[in-house]
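Here the structure comes first, spelled out in structure tokens, and everything after it is commentary.
The values are calculated or read from the model by the stated rules, or taken from the named source; none is laboratory data. Keep in mind it's a predicted model, so treat the numbers as computed, not measured. Using ideal geometry, Cβ is built from the backbone for each residue, glycine included, and neighbour counts are taken over all protein chains shown.
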There are 2 protein chains.
Amino acid sequence: MVTLYGMRDSGNCYKPRLLLHKLGRPFRHVEVNALDGSTRRQEFLALNANGRVPLLEIEDGRRIAESNAILLYLAEGTQFIPANVYERGLVYQWLFFEQYSHEPYVAVRRALMRFPERQKDATPERLAQTLKLGTDALAVMDKQLGATPFMAGTTLSVADIALYAYTYDAHQYGFELEQFPAVSAWLQRVEADPGHVPEDWVPTEEA
Amino acid sequence: MVTLYGMRDSGNCYKPRLLLHKLGRPFRHVEVNALDGSTRRQEFLALNANGRVPLLEIEDGRRIAESNAILLYLAEGTQFIPANVYERGLVYQWLFFEQYSHEPYVAVRRALMRFPERQKDATPERLAQTLKLGTDALAVMDKQLGATPFMAGTTLSVADIALYAYTYDAHQYGFELEQFPAVSAWLQRVEADPGHVPEDWVPTEEA
């Protein structure tokens, strides 16, 4: 069984949890708090030199970091990565878009507003910048989702899982999702897809 | 023949150029200036709604954006993506590391210091932050390269191409590469690999 080091209240950690649940693949959840310095302690840095969660540990003890890399690794050979080479290219495109143009604004604004530990960084300038650039990212998604039901085409892929993780609750942090009807309709499609679980779901310990 | 929209003086655009040259695959280069607003004009936004280069256009006119997505798309089935599924996971890991933990500091500091168009953003705080966090990223690379000759193992992959693009000239922007001997030795290994070309190389027009 694989082990996932992660935090319940983190969209990046939610991504592989949601995929593993959809795949029906059992895993062990190890809670690691990314806000209190736990990911920067020597014990954790020995597991991931870049000091971040999520981190996947496979059966033989080897590890893979980076949420979207974990998605690609786990989804290999499944319905969540398209068989067509061009569509696979689009999945890669949207995964990198998520980490470069969406997460640094939508997720960072969420963290600045949600976590007392991040409050010192929540300057008016930073809040305005994350709102503006996060809204730009949602507009790019809305354009794609006006053309195709899912980010990379006609079926749900890991690109949808990655982008869902910080989009579904973005309205709680000032993003006006009603401006983006195609994004709103897509959120409902993702939630209706088999095997959906909410962000705070983790597997129960076996007896 | 594929077309690559890109800027000569951009590490992100250098990545697919270097890979295409290594693959011996001819392509057409279309210069697009990312500093003068060209990527935000309607004509270009019709090609890439996210308004960025590089952008790959394949023979039938379909397009893929995001430098590291283009690398994965072009390298499929070649020596630049490992056949082993775990090693492929590591390639994904380092590609996302590059876009999240390296490029936003090492490349952004380069742009702030190099391009007059970016000078207004080059505050002392931003320069200090990009130096500190970029140095952290180089330290993570140095740890990996002390253990394996290339980022994801024993052979050069697209992860090395992606990380090379903004590491090779980082010393010109205040990053002390002599602190990171494994990174310095790796730069030489990448440059000695067959088919290497410098950043400003573009294919010559056919007669």
TODO: Please work out which residue is farthest from the other protein chains (Cβ to nearest Cβ), limiting yourself to segment A:73-107 and to residues that are farther than 21 Å from residue B:52 by Cβ and outside any loop (DSSP other than H, G, I, E, B).
DONE: A:75
Task: Unmet criterion (only one of (1) within 13 Å of chain A (Cβ to nearest Cβ); (2) closer than 23 Å to residue B:172 by Cβ; (3) under 16 Å from the mean Cα position of the chain (by Cα)) for residue B:13 - done: (1)
Open item on the list: Please go through segment B:146-176 and give me each residue that is under 18 Å from the mean Cα position of the chain (by Cα) and either within 12 Å of chain A (Cβ to nearest Cβ) or among the aliphatic types (A, V, I, L, M) (or both), ordered by number.
Closed with: B:151, B:152, B:156, B:158, B:159, B:161, B:162, B:163, B:165, B:170
- [ ] Can you run down the residue pairs with Cβ atoms below 6 Å, 6 or more apart or on separate chains, where the first is in segment A:14-29 and in the same structural domain as residue A:66 (by TED's automatic domain parsing) and the partner is of a type in the set (A, V, I, L, M, F, W, C) and assigned to a strand (DSSP E or B)?
- [x] A:16/A:4; A:20/A:27; A:27/A:2; A:27/A:4; A:29/A:4
Open item on the list: Which numbered condition in (1) under 17 Å from residue A:10 (Cβ atoms); (2) touching a residue at least 40 places away in the same chain (Cβ under 8 Å) is the only one that residue A:111 fails?
Closed with: (2)
Open item on the list: Going through A:122, A:65 one at a time, which residue ends up being small (Gly, Ala, Ser) and surrounded by fewer than 20 Cβ atoms within 10 Å (Cβ to Cβ)?
Closed with: A:122
Task: Checklist (1) within 12 Å of residue A:18 (Cβ to Cβ); (2) out of contact with any helix residue (DSSP H, G or I) (no Cβ under 6 Å at 6 or more places or on another chain); (3) assigned to a helix (DSSP H, G or I) applied to residue A:202, failing item - done: (3)
Task: Hits in segment B:1-21 - residues which are in contact with a Phe, Trp or Tyr (Cβ under 7 Å, 6 or more places away or on another chain), of a type outside the set (Gly, Ala, Ser) and buried (at least 20 other Cβ atoms within 10 Å of the Cβ) - done: B:4, B:17, B:19, B:20
Task: Of residues in segment B:108-130 being hydrophobic (A, V, I, L, M, F, W, C) and not in a loop (DSSP other than H, G, I, E, B), the one nearest to the other protein chains (Cβ to nearest Cβ) - done: B:108
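Considering segment A:126-137 alone, what residues qualify as being crowded, with 22+ Cβ neighbours inside 10 Å and either out of contact with any helix residue (DSSP H, G or I) (no Cβ under 6 Å at 6 or more places or on another chain) or among the hydroxyl-bearing types (Ser, Thr, Tyr) (or both)?
A:130
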Open item on the list: Can you find a residue that is free of Cβ contacts under 8 Å to residues at least 40 places away in the same chain and either of a type in the set (S, T, N, Q) or surrounded by 14 or more Cβ atoms within 10 Å (Cβ to Cβ) (or both) anywhere in segment B:53-61?
Closed with: no
TODO: Go through segment B:33-58 and count every residue that is out of contact with any helix residue (DSSP H, G or I) (no Cβ under 9 Å at 6 or more places or on another chain), within 11 Å of chain A (Cβ to nearest Cβ) and in a loop (DSSP other than H, G, I, E, B).
DONE: 1
Open item on the list: Going residue by residue through segment B:186-204, is there one that turns out to be of a type in the set (S, T, N, Q) and surrounded by 14 or more Cβ atoms within 10 Å (Cβ to Cβ)?
Closed with: no
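Scan segment A:189-199 and tell me whether some residue there is among the basic types (Lys, Arg) and over 19 Å from residue A:79 (Cβ atoms). So that I can check it myself, show each step before the final result.
Initial filter on segment A:189-199 (among the basic types (Lys, Arg)): A:189.
In the following step, the residues that additionally are over 19 Å from residue A:79 (Cβ atoms) were identified as none.
There is no residue in segment A:189-199 that is among the basic types (Lys, Arg) and over 19 Å from residue A:79 (Cβ atoms).
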